[in-house]
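The values are calculated or read from the model by the stated rules, or taken from the named source; none is laboratory data. As the structure is a computational prediction, the values presented were derived from the model and not from experiment. For neighbour counting, all protein chains shown are included, and Cβ atoms are generated from backbone atoms with ideal geometry for every residue, glycine included. Side chains included, ligands, DNA and RNA excluded: accessible areas come from the protein's heavy atoms. Shrake-Rupley method; radii C 1.70, N 1.55, O 1.52, S 1.80 Å.
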Amino acid sequence: MCHSILSMLLHDILLTCIVLLFLILLKLFFKLRSSREVYFIDFTCFKPKKSQQVTREKAIELLECQMKDFKQEAIQFQRKTVMTCGIGDMTYAPESFLKDPPDFSLEGATKEAEAAIYGVVDELLAKTGVMAKHIGVLVVCGGLFNPVPSLTSVIVNKYKLRHDIKSFNLSGMGCCACLMAINLAKHLLQMHEDMYAMVVSTEVTGQNAYRGDDINKIIINCVFRVGGAAVLLSNRPLDQCSSKYQLVHTVQTNTISSDTSYRALFQEEDPQGFVGVTVGTGLLVEARNAIKAHIATLAKLVLPTSDKILLMSNYLIRKLPLAKSKPYTPDFRGAIDHFFPHVGGSPVINEVESNLKLDAEAPRMTLYRFGNLSSSTVWYELAYAEAKRRIKKGDRIWLMAYGSGFKCSSIILRAMRSVDQEKTNPWFDEIDDFPIQLNLEREEDPQGIASVTVTRSLLIEAKKAIAAHITPLGKQVLPTSDKILFALNDLPNQESPPAKLKPYTLDYISDRQSIISSHILGEMLQARRLYKKLAYNTITNNHLFLKMFTFVSFIHVNDLSFTCFIPLICLFLCKFIINLKSSHKVYLIDFACYKPKMSQQITRERTIESLRNHFKNFTQRTILYQRKLLMSCGIGDLTYVSEALLKDMPDLSMEGGRREAEATIYGAVDGILAKTKIKVEHIGVLVVCCSSFNPIPSLTTMIVNKYKLRPDIKSYNLSGMGCSAGIAAIDLAKHLLQVNENTYALVVTTEVISPNVYIGNDLRKVGINSVFRVGGSAILLSNRESDRQSSKYQLIHTVRTNTTRSDTSYRCVFQEEDSEGFVGVTVNQDLLVEAKTAITAHITTVAKLVLPTSDKILFALSFLLKKVHPAKLKPYTPDFRRAIDHLFPHVGASIVIDEVERNLKLDTEAPRMTLYRFGNLSSSTVWYELAYAEAKRRIKKGDCLWQIAFGSGFKCSSVIWQAAKNIDQEKINPWNDEIDDFPVQLSLGPLPSYFKETA
C-alpha cells in the first residue's frame, strides 16, 4: 500500500515538473519576444565651481543673514542641525544664495538649473560619444522647480534633440524621483528598438529655501545642496560591450495609503505665509515600517539559495511543538556587493548600516562632501565607489532612494566590467583624501527636539515604504518555484485568511525575524480556496477559465498530495497561452470630466469687475485690454473659476491651490470610479499632469492617499508640459500598459489657476488670466482582453512631435518675471506663427498613419515635387474627412479653431462649444469636447476620433481612437443637463491689436 502511494506521488511530482518546465519555457519565449535588455552606458555628476563651496560656518552665516528678523531659537536650531547631520565643510551652495541679498527669483532658479543640467549633459555626451540626435527618450526630474516651458524643453532646445523625442518632465516626486525615472525609461526602451534614453536629475535649492522660523521646516535648508546627474541608457545589443552596467531589476513601492505617511513630508505655508516642507514628527515610525517591508521583499529576490533553504528550515523547525530555535538572520553581503542608499542625514545611514550589515562608507562620504543632493545623491555614491576602483565585473549593485509620500525606489545593477578611475568623476582629484573620520556634535535644542530626532522621523516613514517596496522586488529575482508560490500568495483574497497564519514576509530590520512563509503553506493546504482565487483572477481573461475551474473544483484535497497542483498548473498554462496571443492592445474603458458647483460660475462682465476690484495693481490700460481679449476669444458667460478667486480677498496661497486641485481631481476620479465600478486595488498605473502647480507630496501621492491605491502602483507626476500634457500622459500610460500585463491605468489631467494668477501689467502675460478656467478629467485605460467588450474606445495611435529646437518656438510661451518682479507666462507675438509651423509638421506625421493609401501617394508626390519646384506648386492638402470622423483639437482661443478648421476641413462644433461653455481647460479640454460629442450621440461604432493638443515648447500631441460601440447619453456627463441648448450662435468682438499682429 505504501509502495503504491509512493509511486503515485512520484508520478505526480514528475508530471508536475514536466508541466512546470514547459510553462517556464513558454514564459521565457514570451519574454524574449516582448522585452529587451537595458544597459547603463555611463553617468555623470555635476561638480559646481570652487567659488560656490561653503563651510558649515559659512552656511550657518548665510542662513542667519536670511533669517535675521526671526526668532533666536530658530537660528540656534539651524546651527545645531548643520553641525550634527553629517554634512562637511566642502559642500556647494547655489550662486543666487551667495549674493547679498540672496536672489530667490525665477531667473536665479533658472540659471541654477541650467548650470547643473548643462554641466552633466555636456559631460555625458562627451564621455559616451553619443550624438544628441540619437537620443529617443528624455526623462527629467526637477523636484520642486517647475518652469514653463519645462526642463525637458530646456534640454531639447539647448541640444537640438529630435522632433519626435519622447520627453517627460517629472516633479514633486521627492528624493526617489531619479530611480523612478530610470524605471520609466526602462519601460519605454523595452517598447522601442535601437534607442538611447537619457535621465537627468537635479534640485533647485535657491528659490525653494524656507524663509520662516518653523523648526520643522528649517531642516530642509540645512541639508540640501547643489548637484545634478545624467544617466545614459540603451537597449542596443551593440552597446553591451561598452556599457558599464546592465539593469537587472527596478522596483517602486509606497506606503502613501497611510495618512501619517502621506503627511510625513508636507509642503505648506507657515503662519507668516512662508512656504516650506514640514518634516513631521511621526516620520521615523512610518519610515521604519516601510523599510522593513522593503527589505523583506528584497531578501526573497537576491539571497542565495543556501540562505533561502536555511530560512525555510528554520521556519519549519520553529513551528514544531516546544521548539526553541532562534530566528535565522540572513547576510545580505552574500547577495549584494555594493549598497548605495539615499541619505537624508547621518542617522538614516546609521540605521540602514546596522540592520543590513552592508558597508555605508560611500553614502557617509557623499553626505559629508556634497550634502543631500535629492534624487541625484545615489549617483555620487556610485561615483565614489568607482573612484575607489571597487566596482568589479559581475558585482551586483543596489541603489535605493526614498522620498515624500512615502515612496521607495530601487534598482539592481550588474557590472559589465571592472570600472577604473575617470577624470570626469567628481571625486577624481580628491578621492585619496577619503574616507575621513567624522566627529558629529550632538546637542539638544531649546525645544527638546534635536535635529537628529527630526531626521530620524524621516527614517520611520522611509522604513515603512521600503518594507512594502522590497516585496515586489523579491518577485523578480526568486527562482521560478518561489515565484509561483509568491504569486499564489499575492492573489486577491475574497475570504479572510486563517486566523493562525501570518503573511509571507521577512521582518528583518528591528525584530530580526526570519521569513514567515506560513501563509503560502496555508494556501497550499487549502486547494479549494486556491482554485477559487486563481479563477477570480484568470476568469477575466477568458471564459475558458470558468469551464476549467468548474472541471477541477470537485477535487477534494486535505493532504499534501501534488495531484492538487495539476489542474492549478493547467489554469496557469491557459493564462500564459492567452497572454502570448495578446498584442498589447489598449482600451479606453471610460472617462469623466469635472463640473464645478454653480456657485463658481462667472460671467465675462463679472470677471472684469473682479479683476478691477480685487487686484488693485492693474492699471486701466490692463483692464481694458483684458476686457477686449475676453470678449473676442470665444469664451462665454457660463464658465467656472476657483472658489479661491471668488473671495473678497482672493486666496493665491498654496493651501488655496491645494484645495482647488483636490476639488477638481477628486470630482473627476469619483466620477470615473462611479461610472466603471472598478476597484481601486486593480489600478496598476497612475499618471497625473498639472502644468503649473507642483506641491510636495505630488498630486499623484495625493490621489494614492485619498483612494488607498496599491503599494506597488507605478505613479508619475508630469508638470510644466503645457496644454499637450494630457495626450502625452495617455502616451505614457500606453507604454506602461504594454509592459505590465492585466492592469488598469488611471490618467488624471487638471490645471490649478489660483496660485498662478498674474497680477502685473505686462500685456503679454495677462492673457492667461482671461482664458483659463477650472476643469479636470480622469481617464481609465486597460490592457485586459476581457475589457474589449465593455470599453468605449480602442487606442490606435499616439503621436508626439515638437519644434523646441527653434529658439523662437521655445520662447513663444515663456514663464518669467516682469519689470516689477511679478511672475507670469509671456505669450509672444510669434505664437501663432510658431504654432502653425508646429501643427503643420505634426499633421504631416499623423497623415502618414491615418490617411488612405491613395492620399498617402498623392501626399508623397506633392512633397517631392515641392522640393523640386517650390515656387510653382501649391502643397497638396489631403482630405482628412476620408480617415477621421471626429476631430477634437485643444482650443486656446477662437482664432486657433479657425486655423485648424480651415486646414483640416473638419467640423469644429465641439471645440467651439467647449471653449464657450467651459473656457480653456488646459490639458483637459479635449475630454470635454469628446463628452460633447457623446452627449449629442454622434459617436458610432467604428468611428475614428482624433484628439490633438499643443502647448509650450512648442509641442504637439495626438491620439487616435476607434469607437468600440455606439455611445448613448450618460448621466455622468458635464453636458448632460444642457446639451439641447447647444450649439449656440457666437458673436465675437474684434481681436486686440496685439493678436492681430501675430495673426
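For the reader, a short list of remarks on this structure follows.
- Among the protein heavy atoms of the stretch 325-442, carbon and sulfur supply 42% of the accessible surface, probe 1.4 Å, non-protein parts ignored.
- Pairwise Lys count, the stretch 855-964 - Cα closer than 30 Å, eight or more residues apart or different chains: 20
- Between residue 818 and residue 740, the simple label model (points 7 Å from Cα in the Cβ direction) yields a spacing of 4.3 nm.
- Taken over the C-alpha atoms, the stretch 814-964 has Rg and Dmax values of 17.5, 57 angstrom.
- With R₀ set to 22 Å, the beta-carbon distance separating residue 968 from residue 674 gives a calculated FRET efficiency near 0.85.
- Put simply, when 691-702, 274-285 are sorted by average Cβ atoms within 10 angstrom per residue, most first, you get 691-702, 274-285.
- Taking a straight Cα-Cα cut-off under 14 Å and skipping sequence neighbours fewer than 8 places away in the same chain, the aspartates and glutamates within cross-link reach of residue 628 are 605, 609.
- Take 92-100, 179-187 and order them by the average number of nearby Cβ atoms within 10 Å per residue, most first; the result is 179-187, 92-100.
- Additional length obtainable on full extension of the chain from residue 58 to residue 606, 0.36 nm per residue less Cα span: 192.0 nm
- Protection proxy ranking of 842-848, 76-82, 221-227, 894-900, by the mean of other Cβ atoms within 10 Å over each peptide's residues and highest first, is 221-227, 76-82, 894-900, 842-848.
- Of 186/217; 160/706; 677/734; 158/734; 677/848, those spanning more than 32 Å from alpha-carbon to alpha-carbon: 186/217; 160/706; 677/848
- Checking every one of the GluC sites (Glu not before Pro) in the stretch 801-861 against DSSP loop status and a limit of 15 other Cβ atoms within 10 Å picks out 820.
- Partners for residue 407 among aspartates and glutamates (Cα-Cα distance below 12 Å; same-chain residues under 8 apart left out): 286, 461, 712
- Accessible surface of the stretch 61-167, 1.4 Å probe: 50 percent of it comes from carbon and sulfur atoms.
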